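Shown next, in structure tokens, is the structure this report addresses.
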Ligand code: HEM
Ligand SMILES: *[C@@H]1O[C@H](CO)[C@@H](O)[C@H](O)[C@H]1NC(C)=O
Ligand SMILES: *[C@@H]1O[C@H](CO)[C@@H](O)[C@H](O)[C@H]1NC(C)=O
């Protein structure tokens, strides 16, 4: 009796699950394979979309190519998006949510406002992904794929990118103000900001190398030019000619939105010139220059090694950006796969 009940139960379960897995193919199964799989997949994996959207990366890269052809800087902006997503409650696309009745957008947090860019390109990538593979690729993975693609298309290293992040249902505006380091931070504080994310000194130095591409606004480095230590004097670690160049772009008053390259030698090429410039006193942000002048031997040694050995920089960069990208993802049934990256899905 007992065994025939168990058999009936098994038939019932099978008839429930198998049609369901046909009706809702693969994307529901990614993180929690239904029924017969011996080992549920719980973490992120580079193969996450292999059966549900094998062309995901190709789609991302093709949109990126067009966007970068139109404006080279967009590669930098998209790389930065991953950082600003991951440092705020993990890599969950919380940064992409617009203001809503429920939530204050992270886009209006101080480090992001009038600064963070690339949202339209993310929309375009996500629309192309939705068309090819409806309700499958998360916005959080879209940001991660866009960051990797942008790095590669800028001449930087490729990495095997773990995937399977899901999207948060809320934004964390206050946490964005708290967790994202300001450009005038001391080295001691930068280390603390990274430690809070489980990232170490190697990660700090390697990931700061992202500033090998992109631009910063005058307001982000002005303090260095005119009032570094509340003494109405420039930062004495600034190389002299570099100081005059910057001062011509960034006057004492006004011009806050004028922009300057973070790596003026090769602002669109992902290479190690960022570190070479730092050795010469030509780092743009205080947070860049203090890696060399901040009196931390281990950190200064890393700056010098990356300046001398680009392969070493790339090797460490790949390790560190994977580490950052794996920060606190939403997995399994947590979060959702947003349809539109700017808002949470409607509850029907
Ligand atoms: C170490 C601490 C960091 C600080 C204090 C910092 C700060 C900044 C600031 C102030 C800007 C210019 C924003 C503006 O003026 O509008 C900027 C730009 C940028 N940051 Fe960072 N950042 C840091 C680390 C990172 C990391 C870890 C990444 C990527 C993994 C990154 C990627 C970028 C990129 C690519 C740009 C150029 C963006 C563009 O041109 O649109 N930064 N950063
Ligand atoms: C950094 O800039 C902010 C805003 O301008 C200012 O309040 C803060 O005191 C500065 N920090 C340092 C270490 O200079
Ligand atoms: C540069 O770094 C790479 C990668 O770690 C290493 O294999 C190579 O030996 C280094 N080259 C020099 C000249 O030190």
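The values are calculated or read from the model by the stated rules, or taken from the named source; none is laboratory data. The model shown is predicted, which means the values in this text are computed figures rather than measured ones. Neighbour counts are summed over all protein chains in view; Cβ atoms, including those assigned to glycine, are modelled from backbone coordinates with ideal geometry.
Looking at region 1-119, the helices (runs of 4 or more DSSP H) lying wholly inside it that each contain 2 or more residues that are at pLDDT 95 or above sit at 56-70, 74-86.
Residues in region 227-246 that are buried (at least 16 other Cβ atoms within 10 Å of the Cβ) and assigned to a helix (DSSP H, G or I): 242, 243, 246. All of 319, 286 fail the test of being at pLDDT 95 or above and buried (at least 18 other Cβ atoms within 10 Å of the Cβ), apart from 286. Note on region 191-216: residues that are within 16 Å of ligand 2 (Cβ to nearest atom) and buried (at least 23 other Cβ atoms within 10 Å of the Cβ) amount to 0.
Counting the residues of region 178-224 that are more than 19 Å from residue 237 (Cα to Cα), assigned to a loop (DSSP other than H, G, I, E, B) and more than 8 Å from ligand 1 (Cβ to nearest atom) gives 5.
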